[in-house]
Amino acid sequence: MTYIEITKEWVAENLYNGTLPVHAHSYTLLYVTGKGDELCACCALETLTPDEDGDLHEDPAKYVGTYDEGPVLYCENCNAEIVSSYGDPDEPKTAEAWAHQNIEGAESDTIECVWDDSELTIIVNDEEVKTTDYGSAPDSDSLRLSREIDAVNYWYAYGN
Ligand SMILES: [Zn+2]
């Protein structure tokens, strides 16, 4: 990722309806202060705007660039999520991989998630342990994975 320094001219060019852009050509933008704090577009603009007394923020947003790849970041000021354009390459791609990383005692379990339309069955070590009906089939891979992770997590925490 490359960052450019935020200048008055840049702000003037990019301010639209009183807000700074969150994306550039559908790539996520990240604002960074001189001290290295990561900010959302909204808070970045706040730090660039003098307060009621006309004083400037002590650590204003100084750089802007695209945030291409990596975990979800949180705005230092308001805690808003800043999601990278391509996601996190280290993020587990299956519920099994997720469980191996996050659930103590599950490291060597084989975990399978089988969908039948809206119904999810979890199979741990070749044994069907839990079936959940969500009422509708997941319409995206990320929703599918998040339901699988939730169900696996729940089963390990509370049993069937
Ligand atoms: Zn913010």
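The values are calculated or read from the model by the stated rules, or taken from the named source; none is laboratory data. Since the model is a prediction, treat every value here as computed from it, not as a measurement. Heads up, the Cβs are rebuilt from the backbone with ideal geometry, glycines too, and the neighbour counts pull from every protein chain shown.
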Number of positions in the stretch 5-48 that are in contact with a strand residue (DSSP E or B) (Cβ under 7 Å, 6 or more places away or on another chain), among the small types (Gly, Ala, Ser) and surrounded by fewer than 18 Cβ atoms within 10 Å (Cβ to Cβ): 2
Residues being more than 10 Å from the ligand (Cβ to nearest atom) and assigned to a loop (DSSP other than H, G, I, E, B) - total across the stretch 38-56: 8
Tally of residues being closer than 13 Å to Ser84 by Cα and either outside the structural domain of Pro71 (by TED's automatic domain parsing) or not small (Gly, Ala, Ser) (or both) across the stretch 23-37: 6
When residues of the stretch 16-36 are limited to those that are in a loop (DSSP other than H, G, I, E, B) and touching a helix residue (DSSP H, G or I) at 6+ places or on another chain (Cβ under 9 Å), the one modelled with the lowest pLDDT: Gly18
Matching residues in the stretch 116-160 - criterion: being among the β-branched types (Val, Ile, Thr) and closer than 17 Å to Asn102 by Cβ: Ile122, Val124, Ile149, Val152
Breaking point among (1) within 15 Å of the ligand (Cβ to nearest atom); (2) touching a residue at least 60 places away in the same chain (Cβ under 8 Å); (3) not small (Gly, Ala, Ser), for Asp59: (2)
Total residues in the stretch 81-115, condition more than 30 Å from Gly159 (Cα to Cα) and touching a Leu at 6+ places or on another chain (Cβ under 9 Å): 4
